[in-house]
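To start, the structure under review is shown below, and the notes come after it.
The values are calculated or read from the model by the stated rules, or taken from the named source; none is laboratory data. Here the structure is a predicted model, which is why all the values come from computation and not from measurement. With ideal geometry, Cβ positions are generated from the backbone for all residues, glycine too; neighbour counts draw on all protein chains shown.
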Amino acid sequence: MMRAPLFAAVLGLAACAQVAAPVDAVSVAARVADMIGVATTVIATEAEADAVRERVRAALVRPLTAETAVQVAVLNNRTLQAEFLAAAEEFAAMEAAVALVAATRRAYFEAVAAQQVAGYLEQALASAEATAELTRRLAQAGGANRLDQVRAAELYVEVANDLRRGRREATLAREALTRALGLWGADAAYALPATLPALPAALSVPAGAEAEAIRRRVDLAAARHAVEHEGAAAAHRLEALAIDVRSEVRAAYATLQSSYEIARAYRDEVVPLRRAIDDEIVYRYNGMLVDVFTVLSTVRASLAANVAAIEALRDFHLAEAEFRAALIGGGVVRSGATVVPHAEEQAGGH
Amino acid sequence: MDTKKRDEPAPVSRRDLLAGGVLIGAAAVSGHVQAQAIPEAPHMAHPTMQPPLFPTSGPDYRPVVTLNGWTLPFRRNGEWKEFHLVAEPVVREMAPGMRAHLWGYNGQSPGPTIEAVEGDKVRIFVTNKLPEHTTIHWHGMRLPNGMDGVGGLTQPQIRPGKTFVYEFELRRSGTFMYHPHADEMVQMAMGMMGAFIVHPRDPAFQRADRDYVFLLASYDIEPGAAVPRVSEMTDFNLWTFNSRVFPGIDHLVARKGERVRIRVGNLTMTNHPIHLHGHEFAVTGTDGGWVPPERRWPEVTADVPVGAMRAVEFEATEEGDWALHCHKSHHTMNAMGHGLANFIGVPKRDLEPKIQRLVPDYMAMGNAGMADMGEMEMLLPDNTLPMMSGQGQYGPLEMGGMFTVLKVREGMAANDYRDPGWYRHPPGTVAYEWTGGAPTPPRAEGPAGQDAAVEVQVVRRQHMSGNH
């Protein structure tokens, strides 16, 4: 870590040795920006690097939104810069750009969700801690046996481990985002919002989504270009790809729709029902029908439901990112990954 | 007895003909005849004690007062007293704030008390408005076997919508009850029962100035629900006098010096030691008959066995507010948990803020006992009574279930059953706090485990220094 700034500075000098960017690189960057609808530029000189750094730091002043994250990544990600400057193949730069946009969105929602989940796991730990402490005191007064005590103590450690895992997930998800954003040093201490963006009020049915994808998909453009140069075999590959693209759009929309419904059911039903369960348990506690341990274990179950609700909302945002990628390119389907990468169950405290 | 006494589950026209023949000798089939044939079935909408029904003809008797209940009016028809019971679903207020969905008779559970006189011929119409068949068994009565009301054994069950007629002569006076003997477990768990009092033909025999009656029933109604869990066998959470629990049970009142009889029948599945404060009584009767005076002995608690009745009598010589309750302490509680940890001696106030961050409405309770419950008003599940509640002139009563008060007062009017309010104790007759000094008496040490509790340690140090 100590040597990193120096190392980067040396590299930075090397990268910016050229006086100006090649004309090709500038035009590629311009076409990429036009295609993805996000501003970008070629960093070839110190002045350009300073300008980008300034824009990036201005964007990092407030907690990051998904759109700001994409803007920062497209400006600042050095792998994309390398593609611009290589510029031998315009389509490669375009594919790198759409892949970066999609990857940044995914990393953003993963990072915000993981951080939010860790907050709930902290509450679950507080509940397990209260249970363990009450049981310890109860045992001291002769009101609980060793079995109760060791069970409560063991539960506390399990929930503490859930929190450790949750915090690790949050750290790893954030690092993935940091890499996409191309940040290091003090810039890597950017702020994320406390919660994921809310579910939209409605999910609009995209008219002509398949046609739009056929028109915009970067990989299809590359395949069309190949047909011009390679002939019949490439024509078959183009047609096969077009069929896949149409299917991918439909699959991505189906995923988006079900993710929306699941997230909405969590928001409108599961979470309020869990709140009602918590209330009813407190009423039963008030009536001395159950004791405080039942209250605490119910709260842990509700926290787990809240974690599931966050994950469902995250899955919706991931599905939306994937749907956008299905229209333009950069989706994980192409690379053979699952459509919605689902993080491990983090709902601890059962 | 008449030959035409059974209301067959047959077409309406035939039933009307038969009933009409018996009751008014008319053969015409019309609504008018029907209305005359079957006496009205009075309906009771209130769970409060109704005034006693004094006899207007025939032998004189002291009518009973049914706690939180009433006596069924009858119609005289020749030598018969005719009653009409309607078995039906009812909503019974068990105490203010809790309404149970039960089955009962004529609007309430328990059903109305039937009162008649030894030697009377009674004709009891029973209409079934339940969703399943029923019968009525006249517990303790000597009667023709075919009137005993045991479904399948002595009669076909009364199907929904049908009316049956029971006819018998009351061969002995005493304390009886009625309840179904068809799907009996379910129907009694749902609240179907009533008292049946047969007064002696000789008004002087076993005369009492006040005569109270109630039946013991137990229900298991999940907190927040309204219908009893009929499959429960032991773990009931509502122990009732006449399907009422404290603080919803009427007070008993007596003028100082009156002879008071209290009749109790037990249709729960466990025994109930019914205890009266401040007086000795004798069991003067059971559902088997009157106990001869020379066979009685003094008691302050009468254990009422399952499926049995006890009549106790005493002279109300002591003024005051005297508790009358089942002596099983859980039976003077309303719905409560039985699996709770005992937090006595466990400090937890300091954890309250921590738990409140998770559960904003949480309050630490039970550190010293459960009396918190009687003092605090907190949100409970819907339709659920506090485990203990009630307020007396000196503070919370901390009771529930089978608990009420006998109020003995000087100078009450003979038939005045109104609540006279709390007893005004003569000066100097109420337990009082000692405010003078006294040496700390030696006490046993508490359990070792409680040393950890700081407040307990402080107390221990104090008395230890006094000891050594």
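Going by what's in this entry, would B:P156 be described as surrounded by fewer than 23 Cβ atoms within 10 Å (Cβ to Cβ) and at pLDDT 95 or above? Here the answer is yes, as B:P156 does meet what is asked. Of all residues in the stretch A:157-170, those that are within 22 Å of A:F109 (Cβ to Cβ) and exposed (fewer than 14 other Cβ atoms within 10 Å of the Cβ) total 1.
Of the strands (runs of 3 or more DSSP E) contained entirely in the stretch B:71-148, those carrying at least 1 residues that are among the acidic types (D, E) fall at B:80-95, B:114-117. Only one of the numbered conditions (1) outside any helix (DSSP H, G or I); (2) under 30 Å from the mean Cα position of the chain (by Cα) is violated by A:A144, and that is (2).
Restricted to the stretch A:289-302, and to residues there that are in a helix (DSSP H, G or I) and within 8 Å of chain B (Cβ to nearest Cβ), the residue that is nearest to A:R151 (Cα to Cα) is A:F293. Among the residues of the stretch B:35-70, the one identified as under 21 Å from B:R201 (Cα atoms), under 23 Å from the mean Cα position of the chain (by Cα) and free of Cβ contacts under 8 Å to residues at least 40 places away in the same chain is B:F54. In the stretch A:234-246, the residues that are under 16 Å from A:G329 (Cα atoms) reach residues that are among the acidic types (D, E) and modelled with pLDDT under 95 with C-beta atoms within less than 7 angstrom, at least six apart or across chains, in these pairs: A:L241/A:D219.
Quick grid of which residues meet (1) within 24 Å of the chain's Cα centre (by Cα); (2) within 14 Å of chain A (Cβ to nearest Cβ); (3) more than 30 Å from A:L303 (Cβ to Cβ):
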| site | (1), (2), (3) |
| --- | --- |
| B:L351 | no, yes, no |
| B:A364 | no, yes, no |
| B:L379 | no, yes, no |
| B:N383 | yes, yes, no |
| B:M388 | yes, yes, yes |
| B:G395 | no, no, yes |
| B:G401 | yes, no, yes |
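Candidates in the stretch B:272-313 are the residues that are in contact with a Pro (Cβ under 8 Å, 6 or more places away or on another chain) and among the small types (G, A, S); of these, the one that is surrounded by the most Cβ atoms within 10 Å (Cβ to Cβ) is B:A302. Of all residues in the stretch A:118-141, at least one satisfies being farther than 18 Å from A:L183 by Cβ and either more than 14 Å from every other protein chain (Cβ to nearest Cβ) or in contact with a strand residue (DSSP E or B) (Cβ under 8 Å, 6 or more places away or on another chain) (or both).
When the stretch B:203-228 is filtered for residues that are charged (D, E, K, R) and touching a residue at least 40 places away in the same chain (Cβ under 8 Å), the ones remaining, listed by number, are B:R207, B:D209, B:R210, B:D211. Among residues of the stretch B:351-374 that are over 14 Å from A:A126 (Cβ atoms), those with a beta-carbon under 7 Å from a residue that is buried (at least 18 other Cβ atoms within 10 Å of the Cβ) and hydroxyl-bearing (S, T, Y) at least six positions away or on a different chain give the pairs B:G374/B:S389.
Among residues of the stretch A:259-288 that are more than 14 Å from chain B (Cβ to nearest Cβ) and crowded, with 16+ Cβ neighbours inside 10 Å, none has a Cβ under 6 angstrom from a residue that is outside any helix (DSSP H, G or I) and aromatic (F, W, Y) at a sequence gap of 6+ or on a separate chain. Of all positions in the stretch B:318-332, none carries a residue that is surrounded by 16 or more Cβ atoms within 10 Å (Cβ to Cβ), within 27 Å of B:D235 (Cβ to Cβ), out of contact with any helix residue (DSSP H, G or I) (no Cβ under 7 Å at 6 or more places or on another chain) and within 7 Å of chain A (Cβ to nearest Cβ).
In the stretch A:124-175, what residues are more than 19 Å from B:R349 (Cα to Cα) and among the basic types (K, R)?
A:R146, A:R151, A:R164, A:R165, A:R167, A:R168, A:R174
Across the stretch A:144-155, the number of residues qualifying as surrounded by fewer than 20 Cβ atoms within 10 Å (Cβ to Cβ) and within 14 Å of chain B (Cβ to nearest Cβ) comes to 6.
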